[in-house]
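Computed from the coordinates by the stated procedures, all read-outs in this text should not be read as laboratory data. Here the structure is a predicted model, which means the values were calculated and not measured. So basically every Cβ, Gly included, is an ideal-geometry build from the backbone, and we count neighbours across all protein chains shown.
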Amino acid sequence: MRPSRRATIGLLALSLAAAGGVVAWSSSHQAKAADSGPVTIVSSDFEDGTTQNWASRSGTEVVENSTTVAHGGTHSLSITERTSTWRGPVLDVLDVMEMGTQYTITVWVQLASDASSDSARLSVERQLSGTASYETVVNNTAVSAGTWTKLSGTYTLATEVDFLTVYIETANAYPSFYLDDFTMTYVPATPIESGIPNVKDVYDQFPMGAAISRASLLGERGKLLAKHFNSITAGNAMKWDATERTEDTFTYTDADAMVTFAKANNMQVRGHTLVWHNQTPAWVFQDASGATLTATEENKALVLSRLENHIRNVAGHFGDDIYAWDVVNEVIDEGQSDGNRRSSWYTLTGLDYIRTAFTVAREVAPNAELCINDYNTTVTSKRDFLYNLVSTLKAEGVPIDCVGHQMHGNIDWPSASDTEAAITKFAALGVKQQITEMDISIYTDNSSSYTSIPDSALASQATRYKALFDVYVAHKADIDSVTLWGLEDGDSWLNTYPITRIDAPLLFDRNLQSKPAYWTLIGQTSPAASATSVTASPSASSASPSASSVSPSASSASPSTSPVSPSASSASPSDPGTSVCSVTYSVAGQWPSGFQGSVVLKNTGTATISGWKLSWAFADGQKISQLWNGSYTQSDATVTVTNASWNGTLAPGTSATFGFLGSWSSTNSIPTAFTVNGATCS
Ligand code: XIL
């Protein structure tokens, strides 16, 4: 077991620096104290003229300090004499990363002046007992000569390792390049709200699930998961590319860890998914020489035998530990005249892959509920193709027990009535139904991107969550499982799909704290809302529509055509000349000597706030010890909080939230006067 390093990081930095630097500590940067937002644990600026522990990955390429170009200061790291795309600079981070903490890793890259444009990516290589795994932190990003390009992404180590490095490689050729200003930071995990009602208890009509990665089992995330949910789905760990990456070699490391966690915490496990057109390795549809299989009887038999072998092994491995399997996933394409998705499965086998999959799954997992799972099942054409397929196959005797409705939606879509219509329709088929992947994006198109999330979007999201859950509860006789696709906003797939943008589709935010959707779902008023001791401006009331920083238009993927139409308020009940902000300060949790505070700063004016400093004075000697989503100073009673890099710009109607831990004694009264950038906010 590797020791927890966070508490010892400052010390470690100093002792390593003193020992000549075994790991990557810049001589000009030390770890920042963990009391002011993101903590920097590695920083390479190369200003000291060394490589700061960066090395050559294969030993043949040359990695050296350079003054030819620099992103900041006058030095950078140069990498030359590369002989393949993967040969490049590498940094050992074994002794600085700890499991379960999400790190933000950033680096700037510029190609050598004579190099043709290429793409670069940032990855992690981890090993245990000599077995290596490679994980992409930042995907291929265009890079060129003469320009610095930033690669930045997040990574959470979820497994034990005895070797751990970060490296940068190129995609096409192997040009020389420079890198500079590498940083690795983390935001200390916020404790979960342990006193709030559990979602699984409020909705005890069905198992209440969340899709997870292995990192979701650790630390505060693991606590949040076990507190609110009693079912889990592996977001990726049971898919074909995770379980049988090469033919007949099966890996269950991450999935087994999830099953173990589930058993230890009285949770059930859904299996996702045995057959899909995505995340299936290429070999499945190739012959021994690597050529793509063509549709012949022989090749049909070959892929069906691979399918059977896969299901026998995977479903057989988990046995009764899985209560429901998504046997096939997303087989309908309503754009086809017959509704059948033209996947390689279909083109090589027709519908026989579905028949084989269910038949074999029934044989090896006789007690699992076997589902056919799909998205957009509330769209009439898709729903009807799925209905007809299930009806035909069931009539043939194919053992389909259940229809899975993924229910990926957004704040405008789908409607409760379309959802109800879909459930009612399938109920007539005599199948069970499960809600398998629900999330509610704050975007209604594929291109908008917020810099800070408007309260109005979170309010609409809460309303839609509740409306859809009301339908599920009304149809509890037909629905025997409800799963959300993620645990907290930070781990949602929607942060990178369909484009990279900040999304917030779940019940808990990135700091693991409850969102309006949570409180609306459980039918209680959020203490944060009721603890509003300072709502400085009456224009912050719900009567005043808030402007949004983008104008989301109807999604092409979503048939809903009712876009959010943010309209700026023409008249506010308060004088906009004197009111630019409101502050909501609440105590999220309190114990004998400490408390957790949460502050929402909202721009209630008509102009954008670019950078903010929020100040107040504590009346009872309270002292902040740690703050996230901003940085702070405290001088006696006076606290000043400055925005973090990502939440400094507040368009009218939008807000920023930060939280903190503090100490108190005898009384912990709530501050009543706030200033923002020197102007009174009340
Ligand atoms: C997603 C995962 O959440 C991502 O991490 C992965 O990169 C892509 O797949 N429908 C499904 C799920 O059935 O398997 C998908 O999960 C989301 C859409």
For a footprinting-style exposure proxy, rank S514, S417 by other Cβ within 10 Å, fewest first. S417, S514
What does the charge dipole of the chain about its Cα centre add up to, to the nearest 20 debye, if the Cβ of each Lys and Arg holds +1 and the Cβ of each Asp and Glu holds -1? 1140
So for the pair N446, T424, with labels modelled 7 Å out along Cα→Cβ, what separation do we get in nm? 3.2
Want the number for T672 to S289: 0.36 nm per residue separation, take away the alpha-carbon distance, what's left? 130.6 nm
Between S665 and T392, what length comes free when the chain is fully extended (0.36 nm per residue of separation minus the Cα-Cα distance, one decimal in nm)? 91.3 nm
Average projection area in nm² (convex hull over Cα atoms of segment 234-352, one quarter of hull surface): 7.9
Residue by residue through segment 179-190, what is 3J(HN,Hα) from phi via Karplus (6.51 cos²θ - 1.76 cosθ + 1.60, θ = phi - 60°)? Round to whole Hz and write x for glycine and proline. 9, 7, 6, 7, 9, 10, 10, 8, 9, x, 4, 7
Under the √(5λ) rule applied to the eigenvalues of the Cα gyration tensor, what semi-axes describe the equivalent ellipsoid of the chain? Give them in Å, descending. 42, 36, 24
What is the diffusion coefficient of segment 38-186 in µm²/s, taking the Kirkwood radius over Cα pairs and the Stokes-Einstein relation at 4 °C with a viscosity of 1.567 mPa s? 85
Simple spin-label estimate for N198 and T159 in nanometres, 7 Å along Cα-Cβ: 3.0
Could you pull out the pairs from K239/K382; K515/K623; K223/K623; K382/K432; K150/K223 whose alpha carbons sit more than 29 Å apart here? K150/K223
Distance in nm between label sites at D256 and A282, each 7 Å beyond Cα in the beta-carbon direction? 3.0
In the chain, taking the dipole from +1 charges on Lys and Arg beta carbons and -1 charges on Asp and Glu beta carbons about the Cα centre, the listed residue (I453, Q110, A242) farthest towards the positive end is I453
Fraction of alpha-carbon pairs in segment 332-479 farther than 26 Å apart, rounded to whole percent, equals 33
Which is farthest toward the positive dipole end of segment 64-211 among Y134, T74, A171, measuring Cα position about the Cα centre, with Cβ charges +1 (Lys, Arg) and -1 (Asp, Glu)? A171
For segment 200-522, the Cα-Cα pair-distance distribution in 10 Å bins from 0, as whole percents, is 6, 27, 35, 25, 7, 1
Once Lys and Arg are counted +1 and Asp and Glu -1 for all other residues with Cβ under 12 Å from that of N495, the total becomes -3
Give me the extension gain from T83 to N299: residue separation times 0.36 nm, minus the current Cα-Cα distance, reported in nm with one decimal. 73.9 nm
Sort D320, D326, D384 so the one with the fewest other Cβ atoms within 10 Å of its own Cβ comes first. D320, D384, D326
Take the alpha carbon atoms of segment 212-275, find their center, do the same for segment 92-117, and report the distance between the two centers in whole angstrom. 28
Antiparallel DSSP beta bridges within the chain, percent to nearest 5: 75
Tell me, L348, L179 in order of fewest to most beta-carbon neighbours within 10 Å? L348, L179
Once the dipole of the chain is set up with Lys and Arg at +1 and Asp and Glu at -1 on Cβ about the Cα centre, which of Q406, W664, L650 lies farthest towards its positive end? W664
